[in-house]
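Down below is the structure, laid out as structure tokens.
The values are calculated or read from the model by the stated rules, or taken from the named source; none is laboratory data. Just so you know, these numbers come straight off a predicted model, no measurement behind them. Positions of Cβ are backbone-derived with ideal geometry, glycine not excepted, and every protein chain shown enters the neighbour counts.
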Amino acid sequence: MPDFSRNARMVCALGIGVVLVGTSALQSLRNSAWAEEAVSESIKKEPALYKQSLVLTVAKAQEGQKLEDFCTDKEGRILALIGPATANEFGGLEGEGEPSVIGVATRLLSGGANTKKTPKFEPAVHVYDAAGKLISKWTVGFKGQAINAAPDGAVLVGGNGLVARFDLEGKKLLETESPQMTYIKDHPDDMKERAKEQLESDRAMYADRVKDFEDQLKELQANKEKNAKKKDPANKKDAAKKEATNKGLKDDQDDEPAAEEEEEAAQFSQLNEQSLKQIISAYKQQAKHLEKKTVEQALQEVVGRARQIHAISASKDNVFVTCPAMAGYGYGVWRTDNKFENAKEIVKSLSGCCGQMDVQCKNGELFVCENSRHRVIRFDIDGKEIAQFGKRDREGEGENFGGCCNPMNLCFSKDGNLFVSESNGVVKHFTPEGKYLGIVGVAKVQAGCKNSCVAVNADESRLYYIDIYQSKIIVLSRGEEQASK
């Protein structure tokens with residue numbers, strides 16, 4: 001049978017190298033790569049606390065808008081962080097559909113170049129009541145990428161190297177550069193050395209990847225040749241098998257599934273060989289590019305990545321900012337006081353996929369969805385690990401997490417339990433210690449590695465799940481609220 005995990009890795013490789021494959025091959029890769037992201041039948045059969053009841057469109061790409069993130073405040077209102085929908089180099093606008101690797105490759109195959117003008121939009125927060133009615137709007141002043149509510153009711157926004165605090169009416173109380181940008185500014189020599197190490201590491205990594213994929217290609221071709229010999233009529237064993245079949249000594253019904261499986265395997269073999277050749281070519285091109293890249297250019301890329309803010313949360317006395325690590329491609333968590341001062345990087349080298357790393361704070365502890373390692377980790381406010389739970393499982397049943405990289409996001413119930421989301425719309429219920437309590441709900445979304453933000457309203461009658469591809473928020477209702485929809 002086809003190796004779905006390997007095909008999923010190929011899709012990631014397509015993204016790194018921007019590799020183009022044929023349209024039919026691309027569709028096959030799409031189907032196989034995300035097959036393991038589908039909601040399993042066993043999960044569908046589990047009773048859920050919430051059922052989908054409404055879909056809110058909170059941003060429109062045609063008007064230059066894109067949903068970046070959202071949260072609920074202490075009053076249970078929905079705070080949707082809206083940013084500009086940038087026209088990308090592959091054609092189309094962010095927020096108007098699938099912006100994944102597959103989407104990019106599809107656009108390139110269909111002609112490629114950017115043909116759309118981007119309507120101007122000022123980054124803002126759109127405030128909705130629990131039922132989804134728009135109440136107010138207020139501007140942010142910079143491109144926000146993460147939003148959250150602090151215990152004192154303040155609204156925290158981070159993005160593009162900045163962090164800010166607002167009151168509930170949208171008045172900006174404080175804005176300053178994010179802690180990682182302050183570190184970069186204050187340690188230029190250290191950052192240059194890190195950039196040099198990163199460049200050397202990238203060069204070695206691409207050389208290793210080329211060798212790995214070439215080895216896979218050789219193995220695939222060897223198996224293909226071996227299978228071809230088995231089918232050769234000149235092969236005595238094969239001829240004997242055919243003769244036995246003709247004489248009726250082999251049950252035709254038993255033979256049909258085997259033939260179908262062989263045909264399916266042959267199709268995927270051809271697809272994988274073609275894809276591997278394309279990937280190898282792209283990696284070699286990138287390796288050649290890296291050999292020409294200077295340390296200064298590498299430093300500029302490190303600084304550019306560091307401006308991203310992937311999550312922001314707070315305790316009574318501290319703010320926690322999650323951003324790319326100062327070295328490598330992992331993520332780190334910075335702790336500041338409520339004035340965004342006295343910054344310290346307390347957690348390093350978290351592993352996340354597709355630019356996604358969610359970190360939330362509750363009762364003086366941090367809870368991290370480390371999606372690439374299929375687990376939730378608890379830290380104290382000094383960054384010391386307390387506990388962890390979760391592991392990878394193809395079906396994603398029970399306390400396990402499925403797909404290429406889950407869990408993605410989490411929020412907290414009133415009693416301090418965790419609602420943990422996966423990228424296919426599944427939300428699970430856990431205690432802080434990791435005891436699995438059941439399915440919270442399943443939102444109908446397109447699967448894929450992405451922000452899967454979840455939140456609940458004040459009385460927990462509604463659960464909200466982000467549809468980042470379509471700039472929508474899915475509402476799932478509970479109990480009597482659910483029955484009335």
Open item on the list: Just the residues that are without any contact (Cβ under 8 Å) to a residue 40 or more places away in the chain and either small (Gly, Ala, Ser) or closer than 23 Å to residue 381 by Cβ (or both), please, taken from region 295-321.
Closed with: 304, 317
Open item on the list: Being closer than 30 Å to residue 76 by Cα, in contact with a Gly (Cβ under 7 Å, 6 or more places away or on another chain) and either assigned by TED's automatic domain parsing to the domain that holds residue 329 or of a type in the set (Asp, Glu) (or both) is the requirement here; does residue 173 meet it?
Closed with: no
Task: Candidates 438, 434, 403, 416, filtered to the one that is in contact (Cβ under 8 Å) with a residue 40 or more places away in the chain, surrounded by fewer than 23 Cβ atoms within 10 Å (Cβ to Cβ) and touching a His at 6+ places or on another chain (Cβ under 9 Å) - done: 438
Task: Residue list for region 43-77, filter: of a type in the set (Asp, Glu) and part of a helix (DSSP H, G or I) - done: 63
Open item on the list: Can you find a residue that is touching a strand residue (DSSP E or B) at 6+ places or on another chain (Cβ under 7 Å), crowded, with 16+ Cβ neighbours inside 10 Å and at pLDDT below 90 anywhere in region 16-23?
Closed with: no
Open item on the list: What pairs come out if I take residues in region 273-289 that are within 29 Å of residue 225 (Cα to Cα) and pair them with residues that are of a type in the set (D, E, K, R) and part of a helix (DSSP H, G or I) whose C-beta lies under 7 Å away, six or more apart or interchain?
Closed with: 280/214; 283/209
Task: Criterion: under 24 Å from the mean Cα position of the chain (by Cα) and modelled with pLDDT of 95 or more - qualifying residue of 87, 61, 124 - done: 124
